[in-house]
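*Asks:* I'd like to ask some things about the structure below.
Any read-out appearing in this document is the output of simple, stated calculations on the displayed coordinates, not a laboratory observation. Because the structure is a prediction, the values reported are computed rather than measured. Cβ placement follows ideal geometry from the backbone for every residue including glycine, while neighbour counts extend to all protein chains displayed.
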Amino acid sequence: MTRHPDEPHLWRERSRKLHSDCRIFQVDSVVFEHQPRNQSGEFFVINSRNWVHTVALTPENEIVMVQQFRFGSKCLSWEIPGGLIEHGEDPIEAGTRELREETGFVGQNGKVLATIRPNPAIQSNTCFIVLLRNATRQVAVNWDESEEIRTCTMPLKQVEDWACQGKIFHSLTITALFFLNKYL
């Protein structure tokens with residue numbers, strides 16, 4: 001494949017070492033080299049397992065939403081259920097599990113709507129956006145130790161309005177809405 005003349009050059013990784021282990025992710029110090037410029041630099045890359053975020057639609061076509069405290073923003077956040085994909089788990093299994101654990105809802109007919117990179121500037125992981133249909137509350141929640149989650153269902157129009165008003169600000173939830181609208 002021929003490189004377009006305006007296309008930026010790839011930087012080549014020359015070395016990598018663990019900078020810090022932060023339980024759910026690691027930070028690596030990586031030296032990259034730009035050969036045409038004879039330039040190199042140290043960059044920090046966050047390595048995490050892949051993520052899943054689940055758009056769960058009820059039989060009435062409402063979206064299952066969760067509200068929880070987020071430590072980074074120090075506030076409550078409205079979002080769709082999501083979390084880390086376990087080793088050996090496929091995205092649909094992970095999305096189904098996260099929905100069940102966080103909300104008690106179980107859905108059907110899983111489909112990956114999108115595969116995205118949350119922040120490719122500093123993160124190495126991928127996020128899968130999974131659609132589940134006919135979601136109904138069927139089981140008890142099974143929250144992680146630090147979770148406390150409010151669950152409700154909302155019409156798609158309300159979720160979109162809240163996103164436009166800034167009441168929903170989680171970027172992965174907003175991205176999921178984009179792909180859901182394209183799909184529907």
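*Asks:* Taking +1 at the Cβ of each Lys and Arg and -1 at the Cβ of each Asp and Glu, which of SER29, ALA163, GLY82 sits farthest along the dipole of the chain towards its positive end, judged by Cα position relative to the Cα centre?
*Replies:* SER29
*Asks:* Please report the net charge: other residues with Cβ closer than 11 Å to the Cβ of PRO155, K and R +1, D and E -1.
*Replies:* On the way: positive: LYS157; negative: GLU60, GLU62, GLU160, ASP161.
Spelling it out: positives minus negatives among the neighbours equals -3.
*Asks:* To the nearest 10 degrees, how steep is helix 156-165 against the longest Cα principal axis of the chain, on a 0 to 90 scale?
*Replies:* 50
*Asks:* Related question: Net charge near ILE168: determine it from the other residues with C-beta under 10 Å of the C-beta of ILE168, scoring Lys and Arg +1 and Asp and Glu -1.
*Replies:* Values: positive: LYS167; negative: GLU79, GLU160, ASP161.
Surrounding charge for ILE168 is -2.
*Asks:* Something else: Using Cα pairs under 8 angstrom and six or more residues apart, how large is the relative contact order of the chain, in percent?
*Replies:* Working: 366 pairs, mean separation 39.5, N = 184.
It comes to 21 percent, rounded to a whole number.
*Asks:* Any chance you could run the full-extension gain for LEU156 through ARG49? It's 0.36 nm times the residue separation minus the Cα-Cα distance, nm to one decimal.
*Replies:* Numbers: separation 107, 0.36 × 107 = 38.52 nm, distance 2.95 nm.
Length gained, LEU156 through ARG49: 35.6 nm.
*Asks:* In percent, what relative contact order does the stretch 1-96 have, based on Cα pairs under 8 Å that are 6 or more apart in sequence?
*Replies:* 18
*Asks:* How high is the relative contact order of the stretch 106-184, given as a whole-number percent (alpha carbon pairs under 8 Å, six or more residues apart)?
*Replies:* Details: 66 pairs, mean separation 22.6, N = 79.
That works out to 29 percent.
*Asks:* Which option, [x] 10.6; [y] 11.3; [z] 13.6, is the value of mean projected area of the Cα convex hull in nm² that was calculated from these coordinates?
*Replies:* Among [x] 10.6; [y] 11.3; [z] 13.6, the one calculated here is [z].
*Asks:* What is the sum of charges, Lys and Arg at +1 and Asp and Glu at -1, for the other residues whose Cβ falls under 11 Å from the Cβ of GLU89?
*Replies:* Working: positive: ARG49, ARG97; negative: GLU86, ASP90, GLU93, GLU98.
Within the 11 Å Cβ shell, the charges total -2.
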